[in-house]
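Any read-out appearing in this document is the output of simple, stated calculations on the displayed coordinates, not a laboratory observation. All of these numbers come straight from a predicted model, not from anything done at the bench. Glycine gets a Cβ as well: all are built from the backbone with ideal geometry, and neighbour counts include every protein chain shown.
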């Protein structure tokens, strides 16, 4: 699912937003004070801001690889059926059943993200021929 067939978002389209991201992180770091002493006493906001600063490439990877979505919305959608089940019945299924259900959903979702139809991927896996996503950098 690449943006207009491009492998990355063009630099001229991201320069301003990247500058605003860095400015926001630095502004936040200047406002959140460190607590003297133990690292664990620092405010959670400080840990988040430092992570954003030091792992900028990971946080903004969707800019350099348009195959990566900028949100986790699909992961939220994958969880929704279990939450609906919990609301309807007042409980989740057994832990073992829930584990198997999520394993199947995760497998089908990953296969679909790599262009394989859900049911075909599950059928092939049950037949002993599971589909494997490509190894990054080998394609």
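Between residue 110 and residue 57, what is the FRET efficiency for a Förster distance of 25 Å, r being their Cβ-Cβ separation, to the nearest 0.05?
0.60
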Cβ-based exposure ranking for 119, 21, in which fewest neighbours within 10 Å come first = 119, 21
In terms of the alpha carbon gyration tensor, root eigenvalues a ≥ b ≥ c, rounded if a/c is under 1.5 and otherwise prolate when a/b exceeds b/c or oblate, the range 3-64 is prolate
Just rank 20, 104, fewest to most, by other beta-carbon atoms within 10 angstrom.
-> 20, 104
R0 = 25 Å: FRET efficiency of residue 8 with residue 29, Cβ-based, nearest 0.05?
-> 0.35
